[in-house]
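Okay, structure first, notes after.
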Amino acid sequence: MKIRPFSISASVLAAILTVSCSYLPADNGPAIQAHRGGAAVSPENTIEAMIDAVRHGIDVIELDLHVTRDSQVVVSHDACLRPLTTLTPDGDTVPVTGGDGYRIYAMDYDSLSRFDVGSLPDPRWPHRKNIKCSVPRLADLIDSVETFTRREGLHPVDYNIEIKSSPSKDGIYAPDYKTFADECMDVILSKELGYRVIIQSFDVRTLEYLRSKYPSLCLSYLVEDSTMSFEEQMDKLNFVPQYYSPESRMLNAETVAKAHEMGMQVLPWTVDDMQEALRMKAIGVDAVITNQPDSMSVWLKSGD
């Protein structure tokens with residue numbers, strides 16, 4: 001069944017969103033964001049991973065979005081189901097040669113939800129817990145996290161949400177970037193999370209579109225091209241977003257200072273060892289995005 005898109009007036013949008021996006025406790029050292037919910041701890045981008053991160057005191061969960069054939073917004077980093085670590089509904093392993101047969105945009109959600117993305121071990125994360133779980137819809141993930149925090153009396157968490165659009169994916173692995181962004185925003189706005197949402201993307205088209213249509217939205221510019229200077233990266237975008245989010249090895253104290261001078265907070269990814277964590281802390285970043293949120297809290301304290 002195709003769900004009717006959620007619509008919202010400009011006046012209601014203004015009430016839900018806020019220009020004030022600063023929430024990170026930079027004065028106390030970098031905040032910790034659980035990358036894909038903490039991929040080294042629990043199966044990435046699942047409800048189980050997000051709740052596990054929140055249970056262990058993480059205030060910001062990071063996740064990725066794709067869209068199914070029947071326009072359901074789902075949480076997944078990859079455009080296709082991951083080979084060798086995903087089980088089909090029949091219990092077989094998705095083969096490496098599966099290709100587009102397991103493309104999320106080519107599947108209805110009812111079919112997608114029958115795959116098990118958590119039971120098989122992931123060689124990237126040998127200490128990760130392996131539990132049966134499925135690719136969740138964004139709406140269900142948010143509802144589950146919000147219900148958990150209320151039930152446990154925890155402070156509401158923030159969401160750093162990546163829209164996985166790119167020119168090479170349009171029409172093949174995702175709808176066109178405007179439709180993709182709007183379908184994601186329909187779900188996000190319906191949850192009335194207010195200032196607790198950041199939307200991030202590598203795709204400058206998506207960021208500029210969101211800026212024009214949802215001007216109060218908190219946006220984060222993801223970058224990974226180390227051959228470009230900070231100034232060249234910023235020249236690709238026609239506005240200054242609230243957040244600058246590069247691969248951590250691209251950062252030094254000078255770049256962090258430049259970003260701060262422009263009014264941006266700095267959120268490097270993906271920081272997964274103590275030496276790099278302490279370097280990020282020393283150069284003054286505002287948060288670190290990590291697959292190992294449990295270890296990160298220990299690493300950052302070790303530098304005090």
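Nothing in this text is a laboratory measurement; each read-out follows from the coordinates by a stated rule. Just so it is clear, the model here is predicted, and its values are computed rather than measured. Every residue, glycine among them, receives a Cβ derived from its backbone with ideal geometry; neighbour counts consider all protein chains shown.
Considering only SER212, SER42, SER144, the mean-square fluctuation computed in a Gaussian network model of the chain, springs between alpha carbons under 10 angstrom, is largest for SER212.
For the chain, a Gaussian network of Cα nodes joined below 10 Å ranks LEU81, LEU141, LEU154 by mean-square fluctuation, and the top entry is LEU154.
The average projected area of region 96-153, computed from the convex hull of its Cα atoms over all directions, is 5.7 nm².
Sites counted here are GluC sites (Glu not before Pro) in a DSSP loop (not H, G, I, E or B) having no more than 15 other Cβ atoms within 10 Å; the longest part of the chain that contains none of them is 1-191. Normalised Debye scattering of region 125-270 at q = 0.16 Å⁻¹ gives log10 I(q)/I(0) of -1.01, counting only Cα atoms as equal scatterers and leaving out solvent.
The ellipsoid that matches the Cα gyration tensor of region 211-304 has semi-axes, each √(5λ) in whole angstrom, of 25, 15, 12, with the longest given first.
Note on the chain: GNM, Cα springs under 10 Å; of PRO136, PRO95, PRO30, the largest mean-square fluctuation is that of PRO95. Over region 124-178, the pair-distance histogram of Cα-Cα distances with 5 Å bins from zero comes to 4, 13, 13, 15, 20, 17, 11, 6, 1 percent, rounded to whole numbers.
Give the value in nm², to one decimal: projected area of the alpha carbon convex hull of region 24-168, averaged over all directions. Could you put the intermediate results ahead of the total?
On the way: hull surface 39.1 nm².
Its average projected convex-hull area is 9.8 nm².
Altogether, the Stokes-Einstein calculation at 25 °C and 0.890 mPa s, with the Kirkwood radius of the chain over Cα pairs as Rh, returns a diffusion coefficient of 124 µm²/s. Loop-located trypsin sites (Lys or Arg not before Pro) in region 207-304 (DSSP state not H, G, I, E or B) with no more than 16 neighbouring Cβ atoms inside 10 Å: LYS236.
With only Lys, Arg, Asp and Glu charged, each at its Cβ (+1 for the first two, -1 for the last two), find how big the charge dipole of the chain is about the Cα centre; round to the nearest 20 debye. Let's see the in-between values first.
On the way: 29 positive and 44 negative charges, 87 e Å.
About 420 debye.
By the Cβ distance rule of under 4.7 Å, the chain has these cysteines without a partner: CYS80, CYS133, CYS184.
Of the beta bridges DSSP finds with both residues in the chain, what % are antiparallel, to the nearest 5?
Numbers: 7 of 35 bridges.
Here the antiparallel bridges make up roughly 20 percent for the chain.
Taken over region 31-96, the ratio of Cα radius of gyration to 2.2 N^0.38 Å equals 1.24. List the pairs from LYS129/LYS169; LYS213/LYS258; LYS164/LYS191; LYS169/LYS191; LYS132/LYS213 whose alpha-carbon separation is above 29 Å, in the order I gave them. Check vs 29 Å cut-off fails for LYS129/LYS169; LYS132/LYS213.
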